[in-house]
Amino acid sequence: MKALLTNYHQTPRKVRLVANLLKGRKIDEALTVLKFMPKRASVPVIKLLNSAIANALNGSQVDRAKLFVKNITINKGLVFKRSRPAARGSAHPINKRTSHVLVELGEKK
């Protein structure tokens, strides 16, 4: 009952702001929270959560009403190294960071 999103083009720090609100919530409540959140990371996390729900329901006899977000982990992904032109012909480094997001669902007894 897992789903994984790799190399999502947003920093892990910003994605964690969204993800930390979901831990331990029922899936319907988590989807409602994400729907009204004004952060950019909420849309891919909604898709990922729906994918995890589909994985849980497809593989086994699980009741949808008993599912909850057991854990959501955001790890560092690839870092694209870029540079920006600066004064006197020099360049400043720019790091474009990505995230790996893992959602695990559990079933309440």
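Observations
- Accessible surface of the chain [probe 1.4 Å, protein heavy atoms]: carbon and sulfur percent: 52
- Nearest-0.05 FRET efficiency for Leu31 and Ser60, computed from C-beta distance (R0 22 Å): 0.60
- Dipole magnitude of the chain, debye to nearest 20 (Cβ charges: Lys/Arg +1, Asp/Glu -1, about Cα centre): 600
- Within the stretch 1-99, chymotrypsin sites (Phe, Trp or Tyr not before Pro) in DSSP loop having at most 10 other beta-carbon neighbours inside 10 Å: Phe36
- Over the chain: Rg over Rh, Cα atoms, Kirkwood Rh: 1.14
- Between the stretch 1-58 and the stretch 83-109, the alpha-carbon center distance in angstrom: 18
- Average accessible area per residue (Å²) across the stretch 50-104 - probe 1.4 Å, nucleic acids and ligands excluded: 68
The values are calculated or read from the model by the stated rules, or taken from the named source; none is laboratory data. Bear in mind that the values here come from a model prediction, so they are computed numbers and not experimental data. Note that we place each Cβ from the backbone using ideal geometry, even for glycine, and neighbour counts take in every protein chain shown. Surface accessibility is based on the protein's heavy atoms, side chains included, excluding ligands, DNA and RNA. Shrake-Rupley method; radii C 1.70, N 1.55, O 1.52, S 1.80 Å.
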